[in-house]
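> Attaching a single structure in structure tokens format; questions to follow.
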Amino acid sequence: MPPILYVIRHGQTDWNAERRLQGQKDIDLNAIGRAQARQNGLELAEILAFENQPFDFVASPMRRTRETMEIAREAMGLPPKNYHTDERLVEVSFGAWEGFTIKELKATEAERLAERNAGKWDFIPPGEDAESYEILSWRVGSWLASVDKPTVCVTHGGVIRSLFRLVGDVSKEYASEAEIPQDRILKVDPQMKIIGWI
């Protein structure tokens, strides 16, 4: 089983603030997001000081996750760019729905939204590259199986939902609806099947 992980969701973007489905659109952090990243870095520095072991650092390759990682590492007193990226950590694709709010989609996609509400975890939005959370969890599971050292990971809300399913063994309903904050750090211990915010 993979060793301990500390996972951070990227800081807020304007699209997050507007509640837009962001998915794989490459949106930058806003000022709040940069402050969240800095604070998470300061907290993580304190946490890792007690771990007394080296940690690997990995991020999704998207701009918002890389900026979060670099701000957090700088706040920790580490070289900002000394980390690597992994494509498997990219956010779930919302396909043709990316850039829209749920409120906006209600005007044109009411029937499909009702489908989504009936089974959000397995729902695939319209669009050739769209994914369900279940499909996302396959690549997240592949990444998780490859982790072989204590790791700090900066990623996305959907990826964290997958970790709740893969490690915490929570229901599809809980994983798809749980609040995923941008100003907290998630501790994941796959060996103990423990996952929770600190």
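The values are calculated or read from the model by the stated rules, or taken from the named source; none is laboratory data. None of these values were measured; they are calculated from a predicted model. Quick reminder, even Gly has a Cβ in these numbers, built from the backbone with ideal geometry, and neighbours come from all protein chains shown. When the accessible area is computed, the model is the full protein with side chains, heavy atoms only, and any ligands, DNA or RNA have been set aside. Shrake-Rupley method; radii C 1.70, N 1.55, O 1.52, S 1.80 Å.
> Cβ-Cβ under 7 Å, sequence separation 6+ or interchain: first residue in region 92-119 and under 26 Å from residue 62 (Cα atoms), partner of a type in the set (Ser, Thr, Tyr) and surrounded by 15 or more Cβ atoms within 10 Å (Cβ to Cβ). Which pairs?
92/133
> Given the structure, is residue 100 out of contact with any helix residue (DSSP H, G or I) (no Cβ under 6 Å at 6 or more places or on another chain) and open to solvent by 70 Å² or more (accessible area, probe 1.4 Å)? Talk me through it step by step, then tell me what you get.
Values: out of contact with any helix residue (DSSP H, G or I) (no Cβ under 6 Å at 6 or more places or on another chain): yes; open to solvent by 70 Å² or more (accessible area, probe 1.4 Å): yes.
It is true that residue 100 is out of contact with any helix residue (DSSP H, G or I) (no Cβ under 6 Å at 6 or more places or on another chain) and open to solvent by 70 Å² or more (accessible area, probe 1.4 Å).
> Based on this model, can you work out whether residue 67 counts as charged (D, E, K, R) and outside any loop (DSSP other than H, G, I, E, B)?
yes
> If you take the residues of region 103-114 that are in a helix (DSSP H, G or I), over 16 Å from residue 16 (Cβ atoms) and not hydrophobic (A, V, I, L, M, F, W, C), which of them is most open to solvent (accessible area, probe 1.4 Å)?
111
> Would you point out the residue of region 83-92, among those that are assigned to a loop (DSSP other than H, G, I, E, B) and in contact with a helix residue (DSSP H, G or I) (Cβ under 7 Å, 6 or more places away or on another chain), that is surrounded by the most Cβ atoms within 10 Å (Cβ to Cβ)? Explain how you work it out, then say what you get.
Just the residues of region 83-92 that are assigned to a loop (DSSP other than H, G, I, E, B), to begin with: 83, 86, 90-92.
From what is left, the residues that are in contact with a helix residue (DSSP H, G or I) (Cβ under 7 Å, 6 or more places away or on another chain) are 83, 86, 91-92.
Details: 83: 19, 86: 17, 91: 23, 92: 26.
Filtering first and then ranking leaves 92.
> So, in region 50-60, of the ones that are open to solvent by 40 Å² or more (accessible area, probe 1.4 Å) and part of a loop (DSSP other than H, G, I, E, B), which residue ends up modelled with the highest pLDDT?
Checking each candidate, the answer is 54.
> Given the conditions (1) of a type in the set (Gly, Ala, Ser); (2) closer than 24 Å to residue 147 by Cα; (3) open to solvent by less than 50 Å² (accessible area, probe 1.4 Å), which single one is not true for residue 75?
(2)
Table: residues versus (1) assigned to a loop (DSSP other than H, G, I, E, B); (2) among the hydrophobic types (A, V, I, L, M, F, W, C); (3) in contact with a helix residue (DSSP H, G or I) (Cβ under 9 Å, 6 or more places away or on another chain).
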| site | (1), (2), (3) |
| --- | --- |
| 27 | yes, yes, yes |
| 33 | no, no, yes |
| 38 | no, no, yes |
| 41 | no, no, yes |
| 44 | no, yes, yes |
| 48 | no, yes, no |
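> Filter region 4-49 down to residues that are small (Gly, Ala, Ser) and open to solvent by 10 Å² or more (accessible area, probe 1.4 Å), then give me how many there are.
Looking only at that region, the number is 5.
> Can residue 82 be described as more than 24 Å from residue 123 (Cα to Cα), within 18 Å of the chain's Cα centre (by Cα) and free of Cβ contacts under 8 Å to residues at least 60 places away in the same chain? Can you show your working first?
Working: more than 24 Å from residue 123 (Cα to Cα): yes; within 18 Å of the chain's Cα centre (by Cα): no; free of Cβ contacts under 8 Å to residues at least 60 places away in the same chain: yes.
Against the criterion (more than 24 Å from residue 123 (Cα to Cα), within 18 Å of the chain's Cα centre (by Cα) and free of Cβ contacts under 8 Å to residues at least 60 places away in the same chain), residue 82 does not qualify.
> Taking only region 54-72 into account, find how many residues are of a type in the set (Val, Ile, Thr) and either over 17 Å from residue 35 (Cβ atoms) or in contact with a Cys (Cβ under 7 Å, 6 or more places away or on another chain) (or both).
1
Yes/no matrix, rows are residues, columns are (1) crowded, with 19+ Cβ neighbours inside 10 Å; (2) small (Gly, Ala, Ser); (3) free of Cβ contacts under 8 Å to residues at least 24 places away in the same chain; (4) at positive phi:
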position	(1), (2), (3), (4)
153	yes, no, no, no
158	yes, yes, no, no
175	yes, yes, no, no
182	yes, no, no, no
197	no, no, yes, no
